1. Quick one: how many residues across the range 209-235 are within 21 Å of THR132 (Cβ to Cβ) and out of contact with any Pro (no Cβ under 8 Å at 6 or more places or on another chain)?
2. State whether one or more residues within the range 105-122 are aliphatic (A, V, I, L, M), touching a Phe, Trp or Tyr at 6+ places or on another chain (Cβ under 8 Å), more than 17 Å from THR190 (Cα to Cα) and buried (at least 17 other Cβ atoms within 10 Å of the Cβ).
3. With at pLDDT below 95 and of a type outside the set (A, V, I, L, M, F, W, C) as the only criterion, which of GLY138, GLY80 stands out?
4. Which pairs do you get when a residue that is within 16 Å of VAL219 (Cα to Cα) and touching a residue at least 24 places away in the same chain (Cβ under 8 Å), found in the range 168-197, comes within reach of a residue that is among the aromatic types (Phe, Trp, Tyr) and not in a helix (DSSP H, G or I), reach meaning Cβ atoms under 7 angstrom, with the pair 6+ apart or on two chains?
5. Quick check on this structure: which one of LYS199, LYS175 is surrounded by 18 or more Cβ atoms within 10 Å (Cβ to Cβ) and within 13 Å of GLY152 (Cβ to Cβ)?
6. Please enumerate the residues belonging to the range 205-235 that are surrounded by fewer than 22 Cβ atoms within 10 Å (Cβ to Cβ), under 24 Å from ARG187 (Cβ atoms) and in contact with an Asp or Glu (Cβ under 9 Å, 6 or more places away or on another chain).
7. Cβ-Cβ distance below 8 Å, separation of 6 or more or different chains: which pairs start in the range 82-100 with a residue that is on the phi < 0 side of the Ramachandran plot and assigned to a helix (DSSP H, G or I) and end on one that is buried (at least 23 other Cβ atoms within 10 Å of the Cβ) and modelled with pLDDT of 95 or more?
8. In the list VAL151, VAL157, which residue meets the criterion of being surrounded by 14 or more Cβ atoms within 10 Å (Cβ to Cβ), in contact with a strand residue (DSSP E or B) (Cβ under 7 Å, 6 or more places away or on another chain) and under 20 Å from TYR200 (Cα atoms)?
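The values are calculated or read from the model by the stated rules, or taken from the named source; none is laboratory data. None of the values given here were measured: they were computed from a predicted structure. Here Cβ is always computed from backbone atoms with ideal geometry, including for glycine, and neighbour counts include all displayed protein chains.
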Amino acid sequence: MQSYLKRISILVLSISLTVSFTNCKAVDNANNKQKGGVIGATGGAILGAIIGNNVGEGGNGELGAVIGGVVGGTAGVLIGNKMDKQAQEIENEIPGAEVERVDDGIVLTFDENSGVHFDTNKSTLTPDSIETLNKLAGVFKEYPDTNILVVGHTDSVGAEDYNMTLSKQRAYTVKDYLVNQGLSQGRFTTNWFGETQPKYDNSTVEGRAKNRRVNVAIVPNEEMIAEAKREANEN
């Protein structure tokens, strides 16, 4: 009976916390599946948010290594609440970033108009990008029980091989900068796609600017999942 009452209490608290974050645009757009309400889903939705409609092409890093499945039941609700809170903090700190709650994770998209960008043919961070990453590092430090995937993309200007290398350099630049801010290197995975995964029309100036992007996916690690299951009395 005590176990049953504890689970009911956790569920009520989780629902209350979920309601409290309804001002977050990323949370407003999340459906029940994205908030951790089902079991057995893969990381396909997160991949789709990163590479558009080209899921299945894995890039050149370890794209799937950091992305797990969706946790269900009360544990999934607890995880979803933590990720909702983190998404809200990121939106507050970096208003220009595109923040999406996808499955149990968060997907951030940065382009030339939203916080992290690079000069043409460069992989060094601009002052504005450094300011954004400092804010992002601060949020990551508050939530140590997450893993982070950094993915680089380019537009289609220039040789394909060159763009592939450039996207790799940019992904590593972002990852290395965050590690240098005191975050554990073990939390990070990198991947890069060059010009092969455009989400926008490369024939326009606006489309090319949006395709020169970096994605950051944030997912719960094993410690967060295990803790949520303990709190929910789920094995």
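1. Residues that pass the stated criteria total 10.
2. no
3. GLY80
4. From the range 168-197, the pairs are LYS175/PHE188.
5. LYS175
6. Within the range 205-235, ASN221, GLU222, GLU223, ILE225, GLU227 meet the criteria.
7. Every condition considered, the pairs that remain are ILE90/LEU136; GLU93/LEU136.
8. VAL151
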